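Please read the structure below before turning to the comments.
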Amino acid sequence: MLILGLETSCDETAAAVVEDGRRVLSDVVSTQVEVHRRWGGVVPELASRNHVMQVLPVIDEALRLAEKPLDQIDLISVTSGPGLLGALLVGVQVAKSIAFCRGVPFVGVNHLEGHLMAIRLEENPPDPPLLGLVVSGGHTSLYDVPRFGEYRLIGSTRDDAAGEAYDKVAKLLGLPYPGGAPIDELAQRRNPRAIRFPRALSAPGVFDWSFSGLKTAVANHVRRVGAPRGDELADLCASFQEAVADTLTKKLIAAARKLKRQRLLICGGVAANSRLRALGRQRAEERELSLYVPMPKHCTDNGAMIAAAGFEAYQRGVRSDLDLNANAAWRL
Ligand code: KG4
Ligand code: ZN
């Protein structure tokens, strides 16, 4: 079965052709980062307009690279929430139009389920039950997944998402938007113990996070000593990154022990982070747990993960109707 996956929930216009929900034939991501950079964050109206301009060329490119014409596509899978309403509507409308014109089924997929399903694109992916942590620009949410299609939220952030903290701290330090990758790069050069930033940890048995205190601690540090440069900037990035990776992995491991889950998954844009991947792996190994993380390009937003999630949903009998609407606040 050939699936066309479409993703337009935020600032990437993405399309991918995936065979049987596992084999990626093409994976095209057109990022709007340059459009939003001067504003220091995503401007919803600009995002929608750019999706309108990009969506058809991106789909054409995905079909071309996969060497599959549109009439060979068996299923359309599209992110229908959560995200920016105007941005989501572009993908949903295009998916519906193609499905209607070609007479093929389509499914609206939850963006977070897409992130969780990105692991299906790897070789030897884990089967449920598993514990999945989605860490992105909009979410820090921990799900118990007894089977695909069933997601029990067992913890989340009480304020900023982890990626949001990266982006805000980057802005504070004068680094480009989005802040994850530039902070990660600087952090790898220097000392994660240079500055002891606070770790906000919820009570034992509670699997929630908070990142706004950490962000304020960075702001206070900058106010006290001035905007750091060179090695000092890299030290600050390493110390901030350590605090994020430390709290994320600590709670994930604690939840695994409490719920007796053996297989762990970290996904979403922040899962591309080098320190989070390394520390997660180290802590899982110490406790003889298996940690799975998608390859970095499948951690950040992409169409292939949406195709993977759509395929799984389709196998479970999920179908969407032409009256499907975008749901900006869809909770998984
Ligand atoms: O999943 P994603 O592409 O979009 C959302 O669904 O939000 O995640 C984007 C987030 C941004 O906040 C970005 O700064 C962060 O992922 N990110 C990273 C890294 N690469 C992207 N954060 C930390 N380290 C990275 N290497
Ligand atoms: Zn995302």
| field | Inter-probe distance in nm under a simple model that places probes 7 Å from Cα toward Cβ, at residue 74 and residue 232 | value | 6.1
| request: Please report, in debye to the nearest 20, how large the charge dipole of the stretch 199-316 is about its Cα centre when each Lys and Arg carries +1 at its beta carbon and each Asp and Glu carries -1 there. | output: 360
| request: Work from the charge dipole of the chain (Cβ charges, +1 for Lys and Arg, -1 for Asp and Glu, about the Cα centre) and give the residue of 13, 98, 197 farthest towards its positive end. | output: 197
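Provide the FRET efficiency to the nearest 0.05 for the residue 199-residue 318 pair, computing r from the beta carbons and using R0 = 30 Å. Mind dumping the intermediate values first?
Values: r = 40 Å, r/R0 = 1.32.
FRET efficiency, residue 199 to residue 318: 0.15.
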| note | Residue by residue through the stretch 269-283, the couplings from Karplus 6.51 cos²θ - 1.76 cosθ + 1.60 with θ = phi - 60°, in Hz, x for Gly and Pro, are x, 6, 5, 6, 5, 5, 6, 4, 5, 5, 5, x, 4, 4, 5
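Listed highest first by mean packing, meaning other Cβ atoms within 10 Å per residue, what order do 121-131, 248-258 come in? Each step should come with its number before you reach the end.
On the way: 121-131: 15.7, 248-258: 19.3.
Averaged packing, sorted descending, gives the order 248-258, 121-131.
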| said: In whole Hz and in residue order, list the ³J(HN,Hα) couplings for the stretch 159-164 that follow from phi through the Karplus curve 6.51 cos²θ - 1.76 cosθ + 1.60, θ = phi - 60°; x for Gly and Pro. | reply: 9, 6, 6, 4, x, 4
| Length released on extending from residue 222 to residue 295, taking residue separation times 0.36 nm less the Cα-Cα span | 22.9 nm
| query | Which value, in debye to the nearest 20, gives the size of the charge dipole of the stretch 258-332 about its Cα centre, when Lys and Arg are +1 and Asp and Glu are -1 at the Cβ? | reply | 440
| field | Given charges at Cβ of Lys, Arg, Asp, Glu: the chain dipole, positive-most of 324, 121, 135 | value | 135
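What ranking do 65-78, 184-197 get when scored by the average of other Cβ atoms within 10 Å per residue, highest first? Kindly include the intermediate steps, with their values, before the conclusion.
On the way: 65-78: 18.4, 184-197: 16.6.
Going by the mean number of other Cβ atoms within 10 Å, highest first, we get 65-78, 184-197.
To the nearest 20 Debye, how big is the dipole of the chain about its Cα centre, given +1 on the beta carbon of each Lys and Arg and -1 on that of each Asp and Glu? The partial results should precede the final answer.
Details: 40 positive and 38 negative charges, 264 e Å.
My answer is approximately 1260 debye.
We did not get these values from a lab; they are worked out from the coordinates using the rules stated. Nothing here was measured: the structure is a model prediction, and the numbers come from that model. Ideal geometry is used to build each Cβ from the backbone, glycine not excepted, and the neighbour counts take in all protein chains shown.
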